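Data block below; observations after.
Quick note: the coordinates plus some simple rules give every number you see, no bench work behind them. Only a predicted model underlies this, so the values are computations on that prediction, with no experimental measurement involved. Neighbour counts are summed over all protein chains in view; Cβ atoms, including those assigned to glycine, are modelled from backbone coordinates with ideal geometry.
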Amino acid sequence: METNSHFVTLENVTKRFGDLEVLHGINLTVDLHQVVCLIGASGSGKSTLLRCINLLEQVDDGTIVVDGQAITGTKVDVNALRQRIGIVFQAFNLFPHMNVLENVTLAPIRARGMSKTQARLRARELLALIGLEDKEDEYPDRLSGGQQQRVAIARALAMNPNLMLLDEITSALDPQLVGEVLALVRTLAHEGMTMIIATHEMSFAREVADKVCFLDAGVILEEGPCDQIFSAPREERTREFLQRVIEAGRL
Amino acid sequence: MGKFFHAFFSPLDFLRAVPQVWDGFQTNIKLMVIAEALVLVFALLVAIVRGLPGRASFPLRALAIVYTDVFRGTPLILVLFIVLLGVPALDMTGIFDRSLFFYGIVSLTLVYTAYVTEVYRAGIESVHPSQRMAARSLGLSYTQALRFVILPQAFRRVIPPLLNDFIGLQKDTALITVLGLTEAAAQAGFYSTDYFNYAGFTVAAVFFIILTIPLARFTDHLIKERESRERAQAV
């Protein structure tokens, strides 16, 4: 099958919360170094889809293959898997009792068994990348939202993941702080990081995405290259959604 | 008024009672320190067991619930009677030594572990689930997430209620006197029968108060220090 050539393959992925079916048979492929943006209204299943790929949610049906390995099944080492797949959340979810450096080094030291010195060295590299090398002793509550989200990205990158999942990472930020976070994501994209990004920032999606998927009520209604989705959407629902976005001034 | 003052606050009796009551109070201190250390550890274990996920750990969870229900609901004095009088009557030599002190520790630990378990549990549950999710998403195991992310945050939040329970425990060490252990309240009682004066009880009360106030202020200090370190400056 040709599925082997893709870095991430989702086949017929279905997820229910009780009686509510949130994802109905999602099929999606992502190639290495590709950036895929998931767009769609709130509640369309974008976040759930990302959480399924990280196994934070268990899928009820279907298969997910990452880097040639099926991750849906009972014999999967979830901890090892998650070390290779980074996820960044809308609400940052930094650890408030740890300073920036501790936030970034916790998982490399504890989950991967890296030495403290090595983990710190790597963390400082990452803090330089995100432009917060002077904040390593600060606690999250003393940072701005944009700074916190950049630290959260650094924390995920510290595990050297080969896939990053970004779950509406700018939705909780003040408009003037969105830019600094998106600039960082842009850098990652240019460096070839494979990413699946759920976002409401359409102009950003248009700029970085190799492929855009429009989710509606738990299915990928339409997918294609940016130009096609944004300029010539085939589906009526996609057109409606984009129209609303344009009216809200986000495109 | 003078009579009242003399009975409880006569300076002569007050001073004279101090060494005797202090003699007994040392037993209270030992009881509380040992029991508190045990409670801190056992209550944490029971709280963790109560929070275990999955159907497989249901029997353990149920056991933890039954334990807390029983010992939180039983008056300490009844537990003391059961442990101090009932258990030795079983005559299991070699398993239990028979010092009143030992049984006192056992009773205090049994009862206060049940209270403190609930305090810990409330603290653990007050940490937002997204914290556990963030920790797990980085590849930390359930235990690592608990140890490095959930518990440190829970601990900080439970310090004030924990201290409250410990003050309760410290005071309840005096209850063990009813079973014949010579501690501060007992010594104060001896003093009152020897000298027909009750200043000994006042002395004992002062000892208990002196012990709790610095602890309360120390806790306040800890909380404040953490606030200033981790929280944003006041707006």
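The table below gives the values:
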{"quantity": "Strands (runs of 3 or more DSSP E) (entirely within the range A:1-76) containing at least 2 residues that are among the aliphatic types (A, V, I, L, M), in contact (Cβ under 8 Å) with a residue 12 or more places away in the chain and under 26 Å from A:MET202 (Cβ atoms)", "calculated": "A:8-17, A:20-30, A:35-39"}
{"quantity": "Scan of the range A:81-106 for residues that are of a type in the set (A, V, I, L, M), at the interface with chain B (Cβ under 7 Å from one of its Cβ atoms) and within 18 Å of the chain's Cα centre (by Cα), ordered by number", "calculated": "A:ILE87, A:ALA91"}
{"quantity": "Filtered residue count, the range A:185-214, keeping only those that are of a type in the set (Val, Ile, Thr) and surrounded by fewer than 17 Cβ atoms within 10 Å (Cβ to Cβ)", "calculated": "1"}
{"quantity": "B:ILE34 vs. criteria in a helix (DSSP H, G or I) and buried (at least 17 other Cβ atoms within 10 Å of the Cβ)", "calculated": "no"}
{"quantity": "Condition check for A:THR238: touching a residue at least 40 places away in the same chain (Cβ under 8 Å), of a type in the set (S, T, N, Q) and out of contact with any His (no Cβ under 6 Å at 6 or more places or on another chain)", "calculated": "no"}
{"quantity": "Residue list for the range A:57-79, restricted to those being under 12 Å from A:LYS15 (Cα atoms) and within 13 Å of chain B (Cβ to nearest Cβ)", "calculated": "A:GLU57, A:GLN58"}
{"quantity": "Options A:GLY192, A:GLY179: the member that is part of a loop (DSSP other than H, G, I, E, B) and either farther than 20 Å from A:LEU55 by Cα or out of contact with any helix residue (DSSP H, G or I) (no Cβ under 8 Å at 6 or more places or on another chain) (or both)", "calculated": "A:GLY192"}
